[in-house]
Amino acid sequence: MWIDVEDAAGNRLGEGPITNVLAWESKAMLSQAGSFACDVPLTAANQALAQHYRRVICRDVIGGATVTVGAGIIHKLSTSAAGVLHIEGPDLLYELTHCHVGALAIDDGAGAATVDGPELVMDYAPEGWSLGGHTTTLKAILHRFEGETVLAALVKIADLTGERFRLGVGRTVVWMQVDQPEAGVLLTNLGDPLASEGDSDIAIAGMGLKLLEDSYECGIGRLYAQGQGIGNARINLQGAACSYTGYTLGSDSRGYYLEHTATWSANGIERYKSFKDINSAQTLLEQAYEYLRAQLTPPVAVEIPVARLNRIVPVGYRLHAQCREVIDGGVVIDLDDDLTVLSTVTRYDGMGARLTAITVASVARLPKSEAGALVAMLSTAQQFWTHPQTTSGEVHAGSHENGGGDEINVGGLSGVLADAQPPAAHQHAYTDLSDGAPVRWRGSSATPPGTPRDGDLWHDTSGGGNAVKLYANGGWVGT
């Protein structure tokens, strides 16, 4: 095996590759970036090319053809006393965190929901990336981003739709919708492993299965959901329409909620959650529905070491698992079911290519933990600061008194102030023109921003220029 080293633009560096690679290991993850690790001798040719943030692509000759074993971005380098350089980092999907989508609107161009979310987001991916599998979502959504990375935007669309994606060949995002293709593999640690030797459709599981069953936030039957805004200006579920069987919208003195009636009647568990990046009641309902749907029953996931399987199983596929773990005579894990592959670890070394570990689950997501809940809380805090949070006149009115000389009506904050008020500059603010068309500032760049709409303003810096252009009648024109 050898490793080609490239810069961010895809230019191959050095006079040749890093040779004599001892081992390469790739971990693929469903709907998130995976990772890699590899070992090369310190005496290997061109090993000094391995530097932080460079891209590494491992290749080998298998069956007479050159194949790509794996690829990633160098984040960590270390050496051992045995004279081995250890290289590790995320896989290429992590490149999608290197750029953001700005104020991208996921809509049909006229303010209505669309199924084109994956395509609209991938328009902002670095050069060389493409979208494979499906190009649309099954569910139409309406959403506005505010500076999220491309990867975070894809994850958000997956959250809003209940769909998933994975890294494909090279720099390809495979949008899977809700597809779960059959891997055609039986994963088992029962029976005689010698009897199935040479059968590539049978994976022999090792011992030491790890159960990842977590009931955190499971069994919830009623969700009080809030979107963008502060105080009385917060978006809630009022005005949303729910057509999902078994779910109802309701309200009480604490606010509006979405309820899965059967689960609520059985468990009586409710939650209050804020989604500070959502600015419409209908999108909030879709988020609440997908959240509740995922929490109805505790997911069961199992990490399984694999003793033998000389083939690759993509994440998101389904396989049949027949595995049992016995400790002190007691059966602690007993699987006999079709399960979804959430992650895989594949190793390439002198023994060839083989799957060494796999995580499978009853649903296409990992169980949530308290650590995951903490990460979600931090994400909500970030959304609060990056997305505009509107305030209401009722909130502001509390700081004024009736009968003042400034002619303010405290109840509705209508009227005229005695002193002239200078306009405030707001990021991505809208200003109505005389003909009703909104103006939207799209920033400075050498290339036109994606998904333009009439009234968009853009600072064109291409060719060293310095021109402000307006989007009107299907094209950008100078102002």
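See the values below:
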{"read-out": "In region 55-86, the residues that are within 24 Å of the chain's Cα centre (by Cα) and surrounded by fewer than 17 Cβ atoms within 10 Å (Cβ to Cβ)", "value": "75, 76"}
{"read-out": "Selection status of residue 447, modelled with pLDDT of 70 or more, under 28 Å from residue 126 (Cα atoms), outside the structural domain of residue 109 (by TED's automatic domain parsing) and loosely packed, with under 10 Cβ neighbours inside 10 Å", "value": "yes"}
{"read-out": "Number of the exception - residue 312 against (1) of a type outside the set (Asp, Glu); (2) assigned to a helix (DSSP H, G or I); (3) farther than 23 Å from residue 220 by Cβ", "value": "(2)"}
{"read-out": "Condition broken by residue 99, with the remaining ones in (1) without any contact (Cβ under 8 Å) to a residue 60 or more places away in the chain; (2) buried (at least 19 other Cβ atoms within 10 Å of the Cβ) satisfied", "value": "(2)"}
{"read-out": "Count - residues of region 136-185 that are outside any helix (DSSP H, G or I) and over 30 Å from residue 200 (Cα atoms)", "value": "15"}
{"read-out": "Region 290-300, residues that are surrounded by 22 or more Cβ atoms within 10 Å (Cβ to Cβ) and within 17 Å of residue 249 (Cβ to Cβ)", "value": "292"}
{"read-out": "Of all residues in region 52-92 being part of a loop (DSSP other than H, G, I, E, B) and of a type in the set (Gly, Ala, Ser), the one that is modelled with the lowest pLDDT", "value": "63"}
{"read-out": "Flag if residue 302 is part of a strand (DSSP E or B) and either over 24 Å from the mean Cα position of the chain (by Cα) or charged (D, E, K, R) (or both)", "value": "no"}
{"read-out": "In region 22-51, the residues that are outside any strand (DSSP E or B) and in contact with a Lys or Arg (Cβ under 8 Å, 6 or more places away or on another chain)", "value": "30, 31, 34"}
{"read-out": "Conditions (1) assigned to a strand (DSSP E or B); (2) charged (D, E, K, R); (3) free of Cβ contacts under 8 Å to residues at least 24 places away in the same chain: number failed by residue 108", "value": "(1)"}
{"read-out": "Condition check for residue 290: in the same structural domain as residue 210 (by TED's automatic domain parsing) and either out of contact with any Cys (no Cβ under 7 Å at 6 or more places or on another chain) or not acidic (Asp, Glu) (or both)", "value": "no"}
{"read-out": "Meets criteria (under 29 Å from the mean Cα position of the chain (by Cα), at pLDDT 90 or above and aliphatic (A, V, I, L, M)) for residue 319", "value": "yes"}
{"read-out": "Region 211-222, residues that are of a type outside the set (Ser, Thr, Tyr), out of contact with any His (no Cβ under 9 Å at 6 or more places or on another chain) and either at pLDDT 85 or above or assigned to a loop (DSSP other than H, G, I, E, B) (or both)", "value": "212, 213, 214, 217, 218, 219"}
{"read-out": "Members of region 44-54 that are of a type in the set (A, V, I, L, M, F, W, C) and crowded, with 18+ Cβ neighbours inside 10 Å", "value": "44, 49, 50"}
{"read-out": "Residue satisfying condition, being polar (S, T, N, Q), closer than 30 Å to residue 292 by Cβ, surrounded by 19 or more Cβ atoms within 10 Å (Cβ to Cβ) and in contact (Cβ under 8 Å) with a residue 24 or more places away in the chain, within set 114, 135, 188", "value": "114"}
{"read-out": "Number of positions in region 276-288 that are touching a strand residue (DSSP E or B) at 6+ places or on another chain (Cβ under 7 Å) and surrounded by fewer than 22 Cβ atoms within 10 Å (Cβ to Cβ)", "value": "1"}
{"read-out": "Unique residue being under 26 Å from the mean Cα position of the chain (by Cα) and part of a loop (DSSP other than H, G, I, E, B) when the list is 240, 225", "value": "240"}
{"read-out": "Single match in 314, 299 (criterion: in contact (Cβ under 8 Å) with a residue 12 or more places away in the chain and in contact with a Pro (Cβ under 6 Å, 6 or more places away or on another chain))", "value": "299"}
{"read-out": "From the options 460, 435, 419, residue that is modelled with pLDDT under 80, charged (D, E, K, R) and over 18 Å from residue 111 (Cβ atoms)", "value": "419"}
{"read-out": "Residue count for region 10-43, restricted to those that are farther than 18 Å from residue 312 by Cβ, free of Cβ contacts under 8 Å to residues at least 60 places away in the same chain and surrounded by fewer than 20 Cβ atoms within 10 Å (Cβ to Cβ)", "value": "12"}
{"read-out": "Test: residue in region 140-150 that is surrounded by 21 or more Cβ atoms within 10 Å (Cβ to Cβ), modelled with pLDDT of 95 or more and either β-branched (Val, Ile, Thr) or within 24 Å of residue 29 (Cβ to Cβ) (or both)", "value": "yes"}
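The values are calculated or read from the model by the stated rules, or taken from the named source; none is laboratory data. Computed from a predicted model, the values in this text were never measured in an experiment. Cβ sites come from the backbone with ideal geometry, for glycine too, and all protein chains shown count toward neighbours.
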